Amino acid sequence: MANENTGLQLRSLVKASGELELSLARVAIPEPAADEVLVRVEGAPINPSDLGLLLGAADMSTAVASGTAEQPVLTAKIPEAYMRAMAGRLDESMPVGNEGAGVVIKAGADAQHLLGKTVAMLGGAMYAEYRCLKAADVLVLPPGATAADGASCFVNPLTALGMVETMRREGHTALVHTAAASNLGQMLNKICLAEGVGLVNVVRSPAQAAILQAIGAKYVVDSSAPGFMEDLIKALVATGATLAFDAIGGGKLAGQILSGMEAAANQTATTYSRYGSSVHKQVYIYGGLDTRPTELNRGFGMAWGLGGWLLTPFLMKIGPEAAQKLRERVAAELKTTFASHYSHEVSLAEALNPDIIAAYNRRATGEKYLINPSKR
């Protein structure tokens, strides 16, 4: 039963019996310590990185709804073949939501200056009515910015900035990005255009290509087109890109990009080597839109690398001072470079509706969902 000392929090539970259970738990509202703030959450996006924790490896076509209107419960079966991957979280009810924004409604003695401020937050458990965290871990939004404006100001913006920073730190001069018409991809385009960085955008349809061309993207190639490899190589020659960030993960695309980079390098090579070009080509997989195995047809010499890239380890690597500079840039350009757009806003209870889950789990370009825990 609801009372003024508790709030709703979305939980994801993978049972050892092979079942996913999503529910809204009633949890005590914490009292902030001296260096903490209590935030009423008013916006938290559903990012691809959230879906892995939220839905696990469940087959959502088996979803069954129960519970009440205020506190729904949804269960779905997890195929036995995927249970091994879920071993680390069995029978542990886990809060969900990487980032969000809201209004500070209580503050500890050392954080009184934040009382009433609209702030953005990163730190998990954001699909909840209230979130208590260190004052140092919130970002005060600029005047006039709403919680919806700031809800997505960490994961996508910092990832886009992190890609460009990684490029520079590793000695590359241009980038390739896949699933490039996403919110993140559009932010990356704006950054690269502003800073004169060559960017090859790889999309999967003419409609996605049109989205990027409308915001000024210079190099857009469609992987569904018959001439994809030729178009990709031309763009790689034009930009000199030797670093790629791949949101797809599975299938042949990462290997195709490496092959394209090798072909582009060989167009300017002055001598032949049976080991391929000496130009190092790197692909970082940072997403898994395609869950199939990654396929590599090794026709790209020996100077190449394939690895994983995640935002949190990157921020730890560059250190707090450099990370803070990136956060400050995001705040300054919140309504321009880093503006996010949402197609749907749902309540916590609506986020557990099977039809709505099916919609946001499609991860379709232009379909971004915002959970507003304050919505009734």
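The values are calculated or read from the model by the stated rules, or taken from the named source; none is laboratory data. The structure presented is a predicted model; accordingly, all values stated were derived computationally and were not measured. Backbone-built Cβ (ideal geometry, glycine too); neighbour counts: all protein chains shown. When the accessible area is computed, the model is the full protein with side chains, heavy atoms only, and any ligands, DNA or RNA have been set aside. Shrake-Rupley method; radii C 1.70, N 1.55, O 1.52, S 1.80 Å.
Note on region 199-209: residues that are under 26 Å from Arg327 (Cβ atoms) and surrounded by fewer than 24 Cβ atoms within 10 Å (Cβ to Cβ) amount to 0.
The single condition among (1) aromatic (Phe, Trp, Tyr); (2) open to solvent by less than 10 Å² (accessible area, probe 1.4 Å); (3) farther than 30 Å from Ala145 by Cβ that Tyr82 does not meet is (2). Here Leu8 passes the criteria (1) under 22 Å from the mean Cα position of the chain (by Cα); (2) of a type in the set (A, V, I, L, M, F, W, C); (3) within 15 Å of Ile371 (Cα to Cα) except the one numbered (1). Of all the criteria given as (1) open to solvent by 10 Å² or more (accessible area, probe 1.4 Å); (2) over 20 Å from Pro48 (Cα atoms); (3) β-branched (Val, Ile, Thr), the one not satisfied by Ile191 is (1). Look at Thr337 and say whether it is touching a helix residue (DSSP H, G or I) at 6+ places or on another chain (Cβ under 6 Å) and of a type in the set (Ser, Thr, Tyr). For Thr337, the condition - touching a helix residue (DSSP H, G or I) at 6+ places or on another chain (Cβ under 6 Å) and of a type in the set (Ser, Thr, Tyr) - is met. Screening Glu345, Glu350 for residues that are of a type in the set (Asp, Glu) and under 20 Å from the mean Cα position of the chain (by Cα) leaves exactly one candidate, Glu345. Taking the criterion of being open to solvent by less than 10 Å² (accessible area, probe 1.4 Å) and under 13 Å from the mean Cα position of the chain (by Cα), the residues of region 143-158 that qualify are Ala151, Ser152, Cys153, Phe154, Pro157, Leu158.
Considering only region 308-332, state which residues are open to solvent by 90 Å² or more (accessible area, probe 1.4 Å) and touching a residue at least 24 places away in the same chain (Cβ under 8 Å). The one that is open to solvent by 90 Å² or more (accessible area, probe 1.4 Å) and touching a residue at least 24 places away in the same chain (Cβ under 8 Å): Leu310. Of the numbered conditions (1) buried (at least 21 other Cβ atoms within 10 Å of the Cβ); (2) touching a helix residue (DSSP H, G or I) at 6+ places or on another chain (Cβ under 7 Å); (3) within 29 Å of Ala339 (Cβ to Cβ), Met261 satisfies every one except a single condition; which is it? Condition not satisfied by Met261: (3).
Each row is one residue, and each column tells you yes or no for (1) modelled with pLDDT under 95; (2) open to solvent by 10 Å² or more (accessible area, probe 1.4 Å); (3) within 18 Å of Gly7 (Cβ to Cβ).
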| residue | (1), (2), (3) |
| --- | --- |
| Ala34 | no, yes, no |
| Val39 | no, no, yes |
| Ala44 | no, no, yes |
| Leu51 | yes, no, no |
| Gly67 | yes, yes, yes |
| Gln71 | yes, yes, yes |
